[in-house]
1. Over what distance in Å are the Cα centres of region 399-414 and region 139-160 separated?
2. Round to a whole number: what % of the accessible area of the chain belongs to carbon and sulfur, probe 1.4 Å?
3. Straight-line reach from Lys281: which lysines have a Cα under 19 Å away, not including same-chain ones fewer than 8 places off?
4. How long are the semi-axes of the equivalent ellipsoid of the chain, defined as square roots of 5 times the Cα gyration tensor eigenvalues? Whole Å, largest first.
5. Taking the Cα-to-Cβ direction at Thr389 and at Asn497 and moving 7 Å from each Cα, how far apart do the two end points lie in nm?
6. Given Cα pairs under 8 Å that are at least 6 residues apart, what percent is the relative contact order of region 235-370?
7. Can you tell me, using C-alpha contacts under 8 Å and at least 6 residues apart, the relative contact order of the chain as a whole percent?
8. For Glu50 and Ser455, calculate 0.36 nm times their separation in residues minus their Cα-Cα distance, and state this gained length in nm to one decimal.
Amino acid sequence: MAASDRMVLGPLVGAIDQGTSSTRFLVFNAKTAELLSHHQVEIQQKFPKEGWVEQDPKEILKSVHECVERTCEKLQQLNIDITNIKAIGVSNQRETTVVWDKTTGEPLYNAIVWLDLRTQSTVERLLKRIPGKNKAFFKFRTGLPLSTYFSAVKLRWLLDNVEEIRQAVDDGRAMFGTIDSWLIWSLTGGKNGGVHCTDVTNASRTMLFNIHSLEWDPELCQFFDIPMEILPKVRSSSEIYGLMVCFLKSGALTGVPISGCLGDQSAALVGQMCFQDGQAKNTYGTGCFLLCNTGQKSVFSEHGLLTTIAYKLGRDKPVCYALEGSVAIAGAVVRWLRDNLGIVKTSQEVEKLAAEAGTSYGCYFVPAFSGLYAPYWEPSARGIICGLTQFTNKNHIAFAALEAVCFQTREILDAINKDCGIPLSQLQVDGGMTNNKVLMQLQSDILCIPVVKPSMPETTALGAAMAAGAAEGVGIWSLNPGDLTAVTCERFEPQINPEESEFRYARWKKAVMKSMGWETSEAPSNGKSE
């Protein structure tokens with residue numbers, strides 16, 4: 001496209017996509033949904049003790065500033081007028097918990113990341129107060145089992161263990177939020193009038209939110225002993241929350257509305273255009289998340305899935321629900337092979353090693369680094385690699401790691417098919433790992449159905465941009481089914497016979513059983529992790 005043509009693109013929408021391993025800012029053409037430019041920054045994860053995962057909220061905010069700044073520079077180099085950016089959407093890693101001081105704007109502790117396990121003893125203590133120690137006691141109100149995964153127990157841990165936070169709560173200075181709240185508050189003025197809000201999708205992951213009344217639940221707040229005054233105001237996923245304040249040297253984007261907000265998995269569901277009851281998508285990021293739209297009715301799983309809010313695309317629009325299968329470790333296993341074992345220098349190399357092996361040669365890898373999530377919800381599980389022989393090499397382990405992602409997805413797909421009664425005929429996929437063709441082919445082989453990948457894999461950011469552009473008062477992105485752009489896709493068809501697939505899946509299940517019951521919270525400390 002010639003530079004002169006670039007000048008007349010019409011309205012643009014920006015999307016902040018703040019994930020577990022990186023932050024991105026992407027800019028889309030609101031009329032064609034074309035991705036025009038983006039910038040990405042990797043985020044440091046801190047592991048101060050075994051099972052603990054933290055991030056620095058200030059580093060996260062700085063990474064957003066850097067991504068916005070660099071993307072705007074790239075757009076200017078393409079001769080695109082950045083004053084055409086008319087709205088900004090936010091999509092974020094969910095459940096990750098931040099508490100900050102509203103008078104200074106400073107975080108009072110590192111963000112506790114969703115897959116952090118320090119709250120296991122908190123969960124066990126809370127379970128003792130529930131009749132029959134039933135993890136699913138609050139399921140019909142929240143859609144969730146009591147688990148280390150959700151924000152309420154992380155917030156309870158912070159209140160129990162961080163004196164500064166207790167003091168700030170007593171003084172009326174503390175604010176709690178998931179990453180979306182921290183970013184929106186900071187970007188709309190911070191201590192100088194920043195907007196303290198969240199959307200229904202993020203609120204539905206805290207375990208403090210009633211997914212039917214769409215309000216913070218006083219009884220749940222009482223159970224977890226969380227003061228309600230520190231919670232953000234809950235809004236829809238598509239409305240103007242506030243206006244960007246100036247942080248770019250150029251002054252660009254000042255006054256642009258932030259008008260879309262969705263937890264990353266809900267954003268991907270929107271970006272994949274899964275607006276019909278029964279449509280599903282699987283996102284391969286740090287973890288793996290399969291969401292199936294159940295429309296305006298909340299469906300409760302009998303097979304270990306979560307009931308969650310899919311989206312509410314406007315103040316007066318209906319809320320839609322989804323069934324979700326959550327896997328803690330997907331892309332994180334590749335990062336682990338790279339950073340912990342050092343068997344590859346880049347994530348891309350894993351695909352090369354796996355392709356060279358072509359099989360795991362009987363080796364099975366269950367990456368239960370944070371226990372097992374869906375469909376087991378077994379916090380005592382830990383990672384294992386089994387079936388090793390003297391023949392096994394790093395190529396086989398790389399293959400087994402990719403296969404593990406596929407087997408975990410198969411377990412969730414089986415659960416969704418049982419709960420919905422109608423088996424999915426194909427799986428729509430997105431996320432960073434979908435660039436790995438070996439993985440995508442393996443996934444199709446293990447599911448015995450086609451896997452369909454959109455040619456523009458940034459569906460999470462696209463979903464946040466769609467919500468922002470469609471918001472009342474912005475109105476530059478139409479969500480009418482007839483106006484949505486048809487997406488070009490790549491298809492992967494099953495290439496092995498179902499018997500072989502079933503055999504491998506049965507062996508995987510055997511390995512999963514061996515990973516369970518490994519850890520007990522009463523285990524004595526070895527002193528080294530302190």
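1. If we compute the Cα centre of each part, the gap is 26 Å.
2. 51
3. Straight-line reach from Lys281, under 19 Å: Lys297, Lys312, Lys418, Lys437, Lys453.
4. Value: 33, 29, 22 Å, ordered largest first.
5. Between Thr389 and Asn497, the label points sit 2.2 nm apart.
6. The value is 19 percent.
7. 15
8. Computed gain between Glu50 and Ser455 is 141.9 nm.
The values are calculated or read from the model by the stated rules, or taken from the named source; none is laboratory data. Everything numeric here is computed off the predicted structure, so don't read it as measured data. Don't worry about glycine lacking a Cβ; one is built from the backbone with ideal geometry, like all the others, and counts go over all protein chains shown. These area figures cover heavy atoms from the full protein model, side chains too; ligands, DNA and RNA do not enter into them. Shrake-Rupley method; radii C 1.70, N 1.55, O 1.52, S 1.80 Å.
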